[in-house]
Amino acid sequence: MEVVRLSKRLLVRGVQNFARKNCSVVVAVMAVVGCLSEFDCWKLLVLMSWLLVGIASSIGFGVGIPTRVLFVYPYVLRVASEVRDPMQAWMIVLPAAFTHALGSALGELPPFLGAGMLVRRLNLDSGATAMAVSHRWFVARMQSHGWFWVFVLAAWPNVAFDCAGLAAGASGMALVSFLSAAVCGKAVVRAPVAA
């Protein structure tokens, strides 16, 4: 019970800290969701629920709720059975699928941010231990092709994407680079194909 209480407190503090330091990311996400909803209050509320469901799908360090299977695919099937024109059905479900994938990309931030804190705490950037040496080798490789690999792993549905977030965070990848690769892979490539 103590672990759950501590985790909840750390999660709340982490979200507040992230929102304070990255106001532009929060505003950009809200602007995208607002545009997708055509600034209609009801549609905005529905899309915000898809965003939260997407965050829940990947925030659990590999044990997130499979909300794409539980909610998005049944929604797609329901719309497909009601609307006979495939292109029209795709256009109806695309905002929900995109917003869910955007939330899923945001849910990948805990491993990314946690790995960066762990590297600083263990002083891996300057130590002479085997772990520090291997970390520096890995950072050099990740900095040259990191965005591409995060994008590829995000575009392909897999349960090991937390490893990409950990690797990107440990290598010191910029938050904007990580988020842009995750959003491009999950929301721009995977969501329209899945829809």
*asked:* Rg and Dmax in Å for the range 15-156, alpha carbons only: what are they?
replied: 19.0, 64
*Surface/4 of the Cα convex hull for the range 95-195, nm²*: 6.0
*Within the chain: Cβ-based charge dipole about Cα centre, in debye rounded to nearest 20 (Lys, Arg +1; Asp, Glu -1)*: 520
_Expected 222 nm ellipticity per residue - DSSP helices of 4 or more, -39500 (n - 2.57), all of the chain, to 500_ = -24500 deg cm²/dmol
*Only helices at least 24 Å long along their axis, Cα-based, and averaging 1.0 or more on Kyte-Doolittle count here, so list those DSSP H runs from the chain.*
41-58, 86-106
*Working with all protein chains in place, sort 150, 189 by solvent-accessible area computed with a 1.4 Å probe, largest first.*
189, 150
*Where 52, 153 fall by accessible area, highest first, once all protein chains stay in place (1.4 Å)*: 52, 153
*Taking the convex hull of Cα positions in the range 61-142, its mean projected area over all directions (nm²)*: 7.5
*Rounded to a whole number, what % of the accessible area of the range 49-138 do carbon and sulfur atoms account for, probe 1.4 Å?*
71
_Suppose all protein chains stay in the model; what accessible area per residue would a 1.4 Å probe give for the range 147-188, in Å²?_
42
*Over the chain, what is the relative contact order in whole percent, taking alpha-carbon pairs under 8 Å and six or more residues apart?*
22
_Virtual spin-label span in nm between residue 91 and residue 136, 7 Å along Cα→Cβ_ = 5.7
*Just going by the charge dipole of the chain, with Lys and Arg at +1 and Asp and Glu at -1 on Cβ, which of 129, 23, 187 is farthest out on the positive end?*
129
*State the answer as a single residue: which of 83, 48, 96 lies farthest towards the positive end of the charge dipole of the chain, with beta carbon charges of +1 for Lys and Arg and -1 for Asp and Glu, about the Cα centre.*
48
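The values are calculated or read from the model by the stated rules, or taken from the named source; none is laboratory data. The shown structure was predicted, so the numbers you read here are calculated from the model rather than taken from an experiment. Please note: Cβ atoms are built from the backbone with ideal geometry, for glycine as well, and neighbour counts cover all protein chains shown. All accessible areas refer to the heavy atoms of the entire protein, side chains included, with ligands and DNA or RNA removed. Shrake-Rupley method; radii C 1.70, N 1.55, O 1.52, S 1.80 Å.
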